[in-house]
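Asks: Below you'll find the structure I mean.
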Amino acid sequence: MNSLHHLSGLAQRAGLPRRTVRLRLTALYGVLFLASGAGLLTITNVLARGWSWPQVYISALAPASGHVHFSAVASGPSLAEWQARLAAEHAAELNQLLAESAIALGVMAVVSAALGWLVAGRVLRPLRVMTAAAQRISADSLHERLDMPGPRDELKDLADTIDALLERLAGAFAAQRRFTASASHELRTPLATIRASLDVAVARPGPVPASAAELDDLIGTQLDKVDELLEGLLVLARAEHGVLPAHGVILVDDLVSAALGAQEEAITAKDLIVRHLSGSEDIWVEGSQPLLHRMAGNVIDNAIGHNHDGGWISISTQTGGGVAHLIVENGGDVLNPEQVAGLAQPFRRLGADRTGSGSGAGLGLSIVAAIAAAHRGTLALHARPGGGLKVAITLPLAARAASVPGLPAGVPA
């Protein structure tokens, strides 16, 4: 068994064709066609070898009139010599027939392989169409369907089953997004009522007990966290639903500068060293400016919040392969590489320091991932060997930035 796996690995490394269904069907059809041709030629050769010798002999001696001249036989070679001569000629003809049959069988082998390839392609064409259509469908285009035409056969049933599955998935996605958005909105009303009641209670004339003031501060802090959580859920729902408000073009460095400016006090409080390295040219991306600002802000906030006092943050922007790269690295504790990839999931944290009261709602990087995906970008998370986290975001470059009014000259098209 190990030797079979080893040979399979060698075959893959040697660049041998992958054992696709079409290749297997081609082999099956080719073998069937070739077996049919070989059987037909075998039957023909067997029948040829069973021809009647007396009839052959008489036909060779008979003239066109159909009568045998025995005088010609008597004056010519003997009967045994005639039989030997005819037997040799018959054997030569059979050998020639066998050789020609072998050539025909070789030609049929090539023709069978070609016909098998064409027939297999024809049979698998509906599957290729379904595969291409299914690959185009994503979470943002679940409204699309395969809608396969044709007779009511097994392939049509498969396509209809996939369409029914997509219908159920679309309903589940829509219900989840509606629930998230509705819950975020509906919960704001009682929270606002609680906050207003606390403010009224504390603002009453007369001295406020110390315990009441302390309770007001505690509840106010917790309400702020709940507001942050609801805002994060709402942004996450919008990003996953593909709602991109205030669409336009923006410099990646402007996103970074705005995020650093908003976190200036936190950076100073932790005495962090920030290095911002940008490319030699401006990098423009296109999309929702509020969401892109939120994405950059969450990445910087994560780098600050999970860093050591006196630590560092490195930010670099560059282009390559038609996309913009935003890379944010920070120092900190050594993280588990296997758990880092899960940080892009909602409410996922690492370590005890990420589960405390001041660790946030656990939505920061999941919002970053959703916003990047909504802009046809990607998010990659890597644990740094020396400690800390590396966050790499890619976004498509703005394709028509030069045609947008109000942009400075020299913006790349």
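Asks: Can you give me the number of residues within region 265-298 that are in a helix (DSSP H, G or I) and either within 26 Å of LEU244 (Cβ to Cβ) or of a type in the set (D, E, K, R) (or both)?
Replies: Counting residues in region 265-298 that are in a helix (DSSP H, G or I) and either within 26 Å of LEU244 (Cβ to Cβ) or of a type in the set (D, E, K, R) (or both) gives 12.
Asks: Yes or no: LEU236 modelled with pLDDT under 80 and closer than 22 Å to LEU326 by Cβ?
Replies: yes
Asks: Taking only region 174-189 into account, find how many residues are surrounded by 10 or more Cβ atoms within 10 Å (Cβ to Cβ) and without any contact (Cβ under 8 Å) to a residue 40 or more places away in the chain.
Replies: Total meeting the criteria: 7.
Asks: Considering (1) touching a helix residue (DSSP H, G or I) at 6+ places or on another chain (Cβ under 6 Å); (2) touching a residue at least 40 places away in the same chain (Cβ under 8 Å), say which one ARG195 fails and leave the rest.
Replies: So ARG195 meets the others, but not (2).
Asks: Further question: How about region 299-318: which of its residues are more than 18 Å from PRO396 (Cβ to Cβ), part of a strand (DSSP E or B) and not β-branched (Val, Ile, Thr)?
Replies: Correct list: TRP312, SER314, SER316.
Asks: A further question on this structure: List every residue pair whose Cβ atoms lie under 7 Å apart, where the two residues are 6 or more positions apart in sequence or sit on different chains, the first residue falls within region 364-377 and is of a type in the set (A, V, I, L, M, F, W, C), and the second residue, located anywhere, is modelled with pLDDT under 90 and outside any helix (DSSP H, G or I).
Replies: ALA374/GLY242; ALA374/LEU244
Asks: The conditions are (1) under 25 Å from ALA237 (Cα atoms); (2) of a type in the set (Asp, Glu); (3) in contact with a Lys or Arg (Cβ under 6 Å, 6 or more places away or on another chain), and ASP301 fails exactly one of them. Which is it?
Replies: Going through the list (1) under 25 Å from ALA237 (Cα atoms); (2) of a type in the set (Asp, Glu); (3) in contact with a Lys or Arg (Cβ under 6 Å, 6 or more places away or on another chain), ASP301 breaks only (3).
Asks: Would you be able to tell me the number of residues in region 122-136 that are over 16 Å from the mean Cα position of the chain (by Cα) and of a type outside the set (D, E, K, R)?
Replies: Final tally of qualifying residues: 5.
Asks: Out of everything in region 149-169 that is more than 19 Å from the chain's Cα centre (by Cα) and among the hydrophobic types (A, V, I, L, M, F, W, C), what residue ends up being modelled with the lowest pLDDT?
Replies: LEU155
Asks: While we're here: If the requirement is being surrounded by fewer than 16 Cβ atoms within 10 Å (Cβ to Cβ), at pLDDT 85 or above, in contact with a Leu (Cβ under 8 Å, 6 or more places away or on another chain) and on the phi > 0 side of the Ramachandran plot, which of these qualifies: GLY387, GLY332?
Replies: Unique residue meeting the criteria: GLY387.
Asks: Test LEU215 against the stated conditions and say whether it is under 14 Å from GLY364 (Cα atoms) and either in a helix (DSSP H, G or I) or modelled with pLDDT of 80 or more (or both).
Replies: The answer is no for LEU215.
Asks: I'm trying to understand the selection: among the residues of region 319-341, which are more than 23 Å from the chain's Cα centre (by Cα) and in a loop (DSSP other than H, G, I, E, B)?
Replies: Those that are more than 23 Å from the chain's Cα centre (by Cα) and in a loop (DSSP other than H, G, I, E, B): GLY331, GLY332, ASP333, VAL334, LEU335, ASN336.
Asks: If I ask for residues that are charged (D, E, K, R) and under 20 Å from GLY362 (Cβ atoms), which ones from region 305-338 would you list?
Replies: Those that are charged (D, E, K, R) and under 20 Å from GLY362 (Cβ atoms): ASP333, GLU338.
Yes/no per residue for (1) touching a Gly at 6+ places or on another chain (Cβ under 7 Å); (2) in the same structural domain as GLY171 (by TED's automatic domain parsing); (3) modelled with pLDDT under 80:
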site: ALA113; (1), (2), (3): yes, no, no
site: GLY116; (1), (2), (3): yes, no, no
site: ALA120; (1), (2), (3): no, no, no
site: ARG128; (1), (2), (3): no, no, no
site: THR131; (1), (2), (3): no, no, no
site: LEU142; (1), (2), (3): no, no, yes
site: ASP147; (1), (2), (3): no, no, yes
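The values are calculated or read from the model by the stated rules, or taken from the named source; none is laboratory data. Since this is a predicted model, take the numbers as computed values, not measurements. In this analysis, Cβ positions are derived from the backbone assuming ideal geometry, glycine residues included, and neighbour counts consider all displayed protein chains.
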